Amino acid sequence: MSRKRVGVLISGRGSNMAALIEAAKAPDYPAEIALVVSNKPGAGGLATAEANGITTATVDHRAFKGDREAFERAVHAELEGHRVDIVCLAGFMRIFTPWFPGQWEGRMINIHPSLLPAYKGLDTHARALADGAKVHGATVHFVVPDLDAGPVILQEEVPVLEGDTPETLARRVLEAEHRIYPAALRMIATEYRLV
Ligand code: GAR
């Protein structure tokens with residue numbers, strides 16, 4: 001079995017990245033984590049990746065002084081340089097120009113903390129609570145140029161409980177994220193074409 005080489009893009013603590021790393025330790029998992037790239041120097045997830053023997057790189061978006069495509073080309077060069085087949089966004093908090101998703105069409109996926117198409121963007125848990133939603137959850141989807149709009153691969157529902165705060169709800173949604181992200185990557189790595 002040839003395992004697909006995965007590049008994970010992070011901006012922070014990287015708990016979803018860690019879930020992918022753990023899943024990829026299984027001998028029958030069809031993907032290996034070849035590279036972790038952060039746009040934030042010192043992001044917590046970098047240390048976790050390094051502790052697992054995974055190559056890391058930092059491409060600091062601030063060095064590109066607002067030239068978003070130049071930043072994306074630098075990230076792309078890292079991914080190409082490590083022969084990455086599939087890109088996983090895991091708490092990567094930069095919005096792309098159309099160029100980057102164009103390079104990775106059908107080969108880049110994202111984890112989002114809501115049941116898309118509900119609550120695209122930020123502050124998903126607070127918005128769900130403010131609406132009185134009874135069911136919330138998480139989604140893994142293909143990345144397209146429009147934000148949080150690509151085809152859905154997997155979702156898991158999480159019930160909203162009496163007395164939930166954005167923090168308690170986020171904690172339970174994160175547990176769901178850690179289940180569906182490795183499962184979705186397994187699917188995509190096995191046959192990762194759209195349709
Ligand atoms: C996760 O909840 C992820 O779904 C969310 O950020 C968190 C990152 O946590 N992503 C987004 O909101 C993307 N728009 P992690 O760094 O521990 O994986």
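The values are calculated or read from the model by the stated rules, or taken from the named source; none is laboratory data. Owing to the predicted nature of the structure, the values given are computational and were not obtained by experimental measurement. Glycine gets a Cβ as well: all are built from the backbone with ideal geometry, and neighbour counts include every protein chain shown.
Listing for the model above:
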| quantity | calculated |
| --- | --- |
| When residues of region 90-127 are limited to those that are more than 13 Å from the ligand (Cβ to nearest atom) and farther than 19 Å from V6 by Cβ, the one surrounded by the most Cβ atoms within 10 Å (Cβ to Cβ) | A118 |
| Hits in region 154-189 - residues which are more than 18 Å from A19 (Cβ to Cβ) and either within 15 Å of the ligand (Cβ to nearest atom) or touching a residue at least 40 places away in the same chain (Cβ under 8 Å) (or both) | E157, P166, E167, T168, L169 |
| Subset of region 1-42 [part of a loop (DSSP other than H, G, I, E, B), closer than 15 Å to I54 by Cα and within 10 Å of the ligand (Cβ to nearest atom)] | G14 |
| Test: residue in region 68-79 that is loosely packed, with under 15 Cβ neighbours inside 10 Å and assigned to a loop (DSSP other than H, G, I, E, B) | no |
| Qualifying residue in region 49-64 (condition: modelled with pLDDT of 95 or more, closer than 15 Å to R94 by Cβ, in contact with a Lys or Arg (Cβ under 7 Å, 6 or more places away or on another chain) and not in a helix (DSSP H, G or I)) | no |
